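*Asks:* Shown below is the structure under consideration.
The values are calculated or read from the model by the stated rules, or taken from the named source; none is laboratory data. Computed from a predicted model, the values in this text were never measured in an experiment. Here the Cβ positions follow ideal geometry from the backbone for every residue, glycine too, while neighbour counts run over all protein chains shown.
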Amino acid sequence: MKPPHRPACTGPFLMARRWACRTLLGTLLAALAACGSLPERPTVRDRSVAIPASSVTTLGRIAAQFPDDEDLSGLRALPQSVFALDTRLELIRRAQVSLDLQYYLLGNDKTGRLILRSLRDAAQRGVRVRLLLDDLYTAPIDPLLLGLASYPNVEVRLFNPFTFAHSNPLFRYLNFLTDFKRLNHRMHNKLFVADGAMAVVGGRNLADEYYLRNAAANFVDLDVLATGPVVRELSHSFDTYWNSDEVYPLGAMVPTLDSPQELRRNFDVAVRPALAPQPPEVPPADVYGEPPLGVEIDQHRFHFIRAWADAYADPPSKADPARTAGDAPALLIRKFVEQVDMARSEVQIASPYFIPGSLGMQHLRDLRSRHVKVQILTNSLDSSDEAVVNSSYQRYRIPMLRMGIELY
């Protein structure tokens, strides 16, 4: 038996239904946009600054070996993930005064929870902890961040935050659609400063895949451990973001009805060793033959390279397109170009994503016209996690090779 015939919805009825759906969607988006305004900035955060290095602390005494008047910092490369994670954990354990962390991503995984537990332990020793995260990936860890922030000596802030239903992925997506121009600007800084004396800066976030702890896929990356004058510059960069108009306290964006005691109980359960185990024991020496940082501190023997170093970062106002133009001379790309143009013999570039564009190609041509050797290391299509980026890079490969640039 055939089902009864139902007339198709055509003509004026269909057009009316489409119009009603579009009107409803538009009204919903407009309402969400109206509800998604940011809190008044002057009322939601207090200004604070980095605590300078002091010879009273263990790390400060190490930094004192690199005085400001000599303008040479101590640098150590951390190419191996096991040493990169161990160095961060060691700095947390050794910190006596302050810890300032600024990251794009803190994972809801073993590594992320281990870092959070270690920061809690430091705060309970009396160390001041300031944690600044980009807000793009924080929704899954909102309860953990609230728990950490409930402890004395801890403050958590968010860069360029989403504005409503913070922990709901669907509403965050709608927020992105209604405020795309602002939310499309993110903070990719990765900085770790202990006692104002030692810092780790580089490409690694705080998640399993950056330390070979992810069973599915991992990144190969590079960090630098630094001490001396450059750490003061890095601390200033942190303060610039921490106190900027684009940064908000966690509590202003993620309200909670739970008491501090309840938040701490839940936090302690979530970061217990069964869920956040310590990494395997670090090898006795890295690829350069140098021991872990903890061994160096205990033996008072350090393997830093003394060198000039400077620190640059994009201004936080990049998240406010209306103000970015005025800050253009300070943008990181301009500083990078200045350094490249100063080269006289050799330029080496290592970047996971390399798309020079027409402006970059012009600078590369200028270098080669001055017989400056140029070597570039970047991902292949097989190793890249961004196929679209690699496809954009490929169009520049043949022209760069014809210039005599070495590509790896």
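*Asks:* Residues of region 165-178 being crowded, with 18+ Cβ neighbours inside 10 Å and more than 22 Å from ALA207 (Cβ to Cβ), which ones?
*Replies:* Across region 165-178, the qualifying residues are PHE171, LEU174, ASN175, THR178.
*Asks:* Got at least one residue in region 202-216 being among the charged types (D, E, K, R) and over 30 Å from ILE349 (Cα atoms)?
*Replies:* Among the residues of region 202-216, not one is among the charged types (D, E, K, R) and over 30 Å from ILE349 (Cα atoms), which makes the answer no.
*Asks:* Now for a different question. When only residues in region 206-244 that are under 16 Å from the mean Cα position of the chain (by Cα) and charged (D, E, K, R) count, which is nearest to PHE304 (Cα to Cα)?
*Replies:* So the residue we want is ASP223.
*Asks:* Hey, another quick one. Is one or more of the residues making up region 282-291 surrounded by 15 or more Cβ atoms within 10 Å (Cβ to Cβ), part of a helix (DSSP H, G or I) and modelled with pLDDT of 95 or more?
*Replies:* No, region 282-291 contains no residue that is surrounded by 15 or more Cβ atoms within 10 Å (Cβ to Cβ), part of a helix (DSSP H, G or I) and modelled with pLDDT of 95 or more.
Let's see how each residue does on (1) within 27 Å of VAL56 (Cβ to Cβ); (2) charged (D, E, K, R):
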{"position": "PHE192", "(1), (2)": "yes, no"}
{"position": "ASP195", "(1), (2)": "yes, yes"}
{"position": "VAL200", "(1), (2)": "yes, no"}
{"position": "VAL220", "(1), (2)": "no, no"}
{"position": "GLU233", "(1), (2)": "yes, yes"}
{"position": "PHE238", "(1), (2)": "yes, no"}
{"position": "TRP242", "(1), (2)": "yes, no"}
{"position": "ALA252", "(1), (2)": "no, no"}
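*Asks:* Name the residues in region 200-246 that are closer than 24 Å to ARG117 by Cα, at pLDDT below 95 and buried (at least 21 other Cβ atoms within 10 Å of the Cβ), would you?
*Replies:* none
*Asks:* Hey, can you tell me all the residues within region 342-376 that are in a helix (DSSP H, G or I) and at pLDDT 90 or above?
*Replies:* Within region 342-376, GLY357, SER358, GLY360, MET361, GLN362, HIS363, LEU364, ARG365, ASP366, LEU367, ARG368, SER369 meet the criteria.
*Asks:* Among LEU85, LEU89, which is surrounded by 23 or more Cβ atoms within 10 Å (Cβ to Cβ) and not in a loop (DSSP other than H, G, I, E, B)?
*Replies:* Result of the check over LEU85, LEU89: LEU85.
*Asks:* While we're on this one: Does region 55-82 hold any residues that are surrounded by fewer than 19 Cβ atoms within 10 Å (Cβ to Cβ), among the small types (Gly, Ala, Ser) and touching a residue at least 12 places away in the same chain (Cβ under 8 Å), and which are they?
*Replies:* Correct list: ALA77 only.
*Asks:* Taking LYS335 as meeting all but one of (1) surrounded by fewer than 12 Cβ atoms within 10 Å (Cβ to Cβ); (2) without any contact (Cβ under 8 Å) to a residue 60 or more places away in the chain, write down the number of the exception.
*Replies:* Going through the list (1) surrounded by fewer than 12 Cβ atoms within 10 Å (Cβ to Cβ); (2) without any contact (Cβ under 8 Å) to a residue 60 or more places away in the chain, LYS335 breaks only (1).
*Asks:* Let me ask something else. Pull up region 109-146, narrow it to residues that are closer than 19 Å to PRO161 by Cβ and among the β-branched types (Val, Ile, Thr), then point me to the one that is surrounded by the most Cβ atoms within 10 Å (Cβ to Cβ).
*Replies:* Taking the candidates together, the pick is THR138.
*Asks:* Out of ALA311, ALA199, report the one residue that is among the aliphatic types (A, V, I, L, M), touching a strand residue (DSSP E or B) at 6+ places or on another chain (Cβ under 8 Å) and not assigned by TED's automatic domain parsing to the domain that holds ASP135.
*Replies:* After applying the criteria, what remains is ALA311.
*Asks:* Now for a different question. Quick one: is LEU136 assigned to a loop (DSSP other than H, G, I, E, B) and not polar (S, T, N, Q)?
*Replies:* The answer is yes for LEU136.
*Asks:* Also, I was wondering about something else. Which of the residues that make up region 247-276 are part of a loop (DSSP other than H, G, I, E, B) and surrounded by fewer than 13 Cβ atoms within 10 Å (Cβ to Cβ)?
*Replies:* Within region 247-276, PRO255, LEU257, SER259, ARG272, PRO273, ALA274 qualify.
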